[in-house]
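Here the structure comes first, spelled out in structure tokens, and everything after it is commentary.
Derivation of every value follows stated rules applied to the coordinates shown; laboratory data play no part. Since the model is a prediction, treat every value here as computed from it, not as a measurement. Every residue, glycine among them, receives a Cβ derived from its backbone with ideal geometry; neighbour counts consider all protein chains shown.
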Amino acid sequence: MLKKIVKRKVILDKIERAYGFKHALEFTHQALEAEKTKEDKILILDFMLDVIKRDLKYDFLTDIFYREEYFDRGRKIRLPFPYSYYDETEQKISIFERKIGTKKVDLSEECVLVFPWHRKRIRENIKNIGSKEFIYDKYNHFAYYFSPVGICFVYNGMHSTTAGIGFKKGFIEASEYDMTGPLGHVYTDGLYWYNSHNNLKLKDGLLDFRIGIIFELLKLKYQIEEGLK
């Protein structure tokens, strides 16, 4: 019985994600068709990108409050983007091949994805950083920053980073990678990533449908900006 309930919940979650993605893209295309100037179209896209990133940022951060204890212990959290993709010649390319450098990430402003899971650790960090300053530790805080998507993915130092975000204090440094390559070779339906050249599903799953929306909106923005040049 429990297996059936879990399976049903998974199916319903997928349906909800698919419809959320679909409706967001419908809104986007309606807005772009209604607006006459490219400047207004970009304004709307920038607004949507900013709001969706903020929603995504705090949704992951607050998950620890709404779930059972140790809900995430031992679970490997997938990257927000496919680890690798294929170009038009079917050459496999890693998203980590194009490193730009190191990015200073403002915890109060940037879209930082962090996944706290340990209740005691988060309580201690809230008390510590709430009464003091957030101090970046290069031996503890590890993250990737994906440009120009503007998403930072934290994979170590999660609980202190969570407190820093909540109190809007401090910064971390992240290895910055250029994501313009995947924009031309990958697309998503809100559930999975696909190869744009043959429509085959990529191996890596989509972490969240909102990341898919951000990805597709950014592609539309680039197309409009190219028309302005």
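Here are the numbers:
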read-out: Dipole-positive endmost among A31, Y136, H185 within the chain (Cβ charges, Cα centre); value: Y136
read-out: Alpha-carbon centroid distance for the pair the range 140-177 / the range 66-128, whole angstrom; value: 8
read-out: Kirkwood hydrodynamic radius over Cα pairs of the range 2-228, then Stokes diffusion coefficient at 4 °C and 1.567 mPa s, in µm²/s; value: 68
read-out: Of I93, S196, T161, farthest towards positive along the dipole that unit charges on Lys, Arg, Asp, Glu beta carbons give the chain; value: T161
read-out: Restraint check, K22/K203; K99/K219; K41/K138, Cα-Cα greater than 30 Å; value: K41/K138
read-out: Over the range 2-228, relative contact order from alpha-carbon pairs under 8 Å, at least 6 apart, %; value: 26
read-out: Other-chain or far-sequence residues with amide H under 5 Å of F171's (modelled H); value: L107, Y136
read-out: The range 112-229, dipole about Cα centre (Lys/Arg Cβ +1, Asp/Glu Cβ -1), debye to the nearest 20; value: 620
read-out: Neighbour-limited loop hits for GluC sites (Glu not before Pro), the range 38-104 (at most 12 other Cβ within 10 Å; DSSP other than H, G, I, E, B); value: E68, E69, E88, E90, E97
